[in-house]
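The values are calculated or read from the model by the stated rules, or taken from the named source; none is laboratory data. Since this is a predicted model, take the numbers as computed values, not measurements. Quick reminder, even Gly has a Cβ in these numbers, built from the backbone with ideal geometry, and neighbours come from all protein chains shown.
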Amino acid sequence: MLRSDFPEQCVPEQSVRAMDELVSLSQQGDRAAFRQLYQQHSGRVYAVCVRLLADRSKAEDACQEVFVKVWQQLTLFRGDSSFSTWLHSIATRTAIDLWRQDKLLRLATEELPEIAGAELGQSRELEQLILRLPHQARAVFVLFALEGYQHQEIAELLGIAEGSSKSQYHRARQLLREWLDEN
């Protein structure tokens, strides 16, 4: 799913008001309102984390860490962008930070982690193949193709050269094509 899949103009006005109200109440310390924000957004946050980390347990930890950070930083949210955009940025950066910390991350060969059906956006087979990609190629592919980041942004996030981002994306696409052709 791309960041641009849900432009603000497509969201019903009542839904935006309800979201603004939940954010405002949460900023005032209302835990029930924050719980609703969590329930509405945790699926997408988890999907981003599992795609980047390729490990269910680490993705669950990352998701939890994201919402702890959001709770702690909620008073800093000024509304310059939508709440979901702000949250997605925190989720992506948190997952990337965990990805960086675990340079030895290897794809677990266990079953594909559960991802909410609405979050998939790709076939289950393609999701499994994405998780098979080498960790840096997978991170670049997920950020570029699925999350809509540009190579310059990806390079900054991952601490690599922009050319490396482009090269890793090309490598990921090539591997995916080969694997899809085999099936």
(message) Condition first: at pLDDT below 90, touching a Ser or Thr at 6+ places or on another chain (Cβ under 9 Å) and either closer than 21 Å to ALA18 by Cα or not β-branched (Val, Ile, Thr) (or both). Can you find one or more residues in the range 41-60 that meet it?
(response) yes
(request) Among the candidates VAL70, VAL23, VAL45, single out the residue that is within 19 Å of ALA139 (Cα to Cα) and among the β-branched types (Val, Ile, Thr). (result) VAL45
(request) Of the conditions (1) at pLDDT 90 or above; (2) under 20 Å from the mean Cα position of the chain (by Cα); (3) over 15 Å from THR75 (Cα atoms), ALA32 clears all except one; give me its number. (result) (2)
